[in-house]
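Scroll down for the structure; my scribbles are underneath it.
Bear in mind these aren't lab numbers, they're just calculated from the coordinates by the rules spelled out. Just so we're clear, the structure is a prediction, and the values are computed from it rather than from any experiment. Every residue, glycine as well, gets a Cβ built from its backbone with ideal geometry; the counts of neighbours run over all protein chains shown.
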Amino acid sequence: MRHLLSKSKYIRGLQCDRALWLDVYHPDLAQYSRETMRKFDRGREFERAFKDLFPGAVDVSAALGRKFDQYADFTANELSREGEVNLFEAGFFFDDVLVLADVVHKRADGLLDIYEVKSGTTLSDTYKRDAALQHYVISHCREINSFSIVYNGKLDKSDSSDSSDMSDNFKIVNLTAEFAGEHETIARNIAVMKETISLTSEPDTPTGAHCQTPYECPYQQHCLSGLRDLSLF
């Protein structure tokens, strides 16, 4: 099943419709700064440390790589097994959106505990929007017991010591009830983004403050170049 949106594209679409369109049709134009790439690396390291708490989990991304059209079926098959199941990058598909959940724990009663892992030291609105989209999609596929965001609870940002033990840094916040109340808004956002993706030419949204918030947009150089005639034909 081919998806139109993912977590990253949804967040991109909330920031800018033009960036979303470029992300879908011209991702080769993206230019990420070194600092952004370092943040990606730190995020992956923090996520790996949390996943170490779930030995024996099945890593769906390791099994399927970039075969995204197979993630949802593979995940459903794994979750159909008897007893408790732990999955990394489990795929769920609904409303033309594919989300890959960082950590999914299927309990003995079949309900899911889901953990979205973020390396930031604060629980930002963007983290919540990302996770709320996942809750929207997953809740239409399986019954959820809890949905939590895991972030870096280390208060002293100036401490740059390299410790291999991050277990004391994990701050886990259960936001299940909050996310359940966001479904109507998310459905509307998805509908708007589908309209953007259906456009045959690049939106003419001008550059502005939104290019830096909540993230530095990787398409700024393209937009500042004055080129606005990209199309699908």
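With neighbour counts taken as other beta-carbon atoms within 10 Å, the residues 182, 82 rank, fewest first, as 82, 182. If the limit is 32 Å between Cα atoms, which of 9/154; 67/154; 171/194 go over it? Going by Cα-Cα distance, 67/154; 171/194 fall outside the 32 Å limit.
Please report the net charge: other residues with Cβ closer than 12 Å to the Cβ of residue 126, K and R +1, D and E -1. It would help to have the intermediate numbers written out before the result.
Values: positive: 7, 12, 118, 128, 129; negative: 116, 125, 130.
Every neighbour counted, the sum reads +2.
Among 129, 34, 42, the residue with the largest mean-square fluctuation in a Gaussian network model of the chain, with springs joining Cα atoms closer than 10 Å, is 34. Sorting 20, 64, 53 from the fewest to the most surrounding beta carbons within 10 angstrom yields 53, 64, 20. Taking a Cβ cut-off of under 11 Å around residue 106, the surrounding Lys, Arg, Asp and Glu residues balance to a net charge of -3, with basic ones at +1 and acidic ones at -1. If a/c stays under 1.5 just call it rounded; otherwise compare a/b with b/c (prolate if a/b is bigger, oblate if not). Do that for region 1-55, with a ≥ b ≥ c from the square roots of the Cα gyration tensor eigenvalues. Note, shape of region 1-55 comes out oblate.
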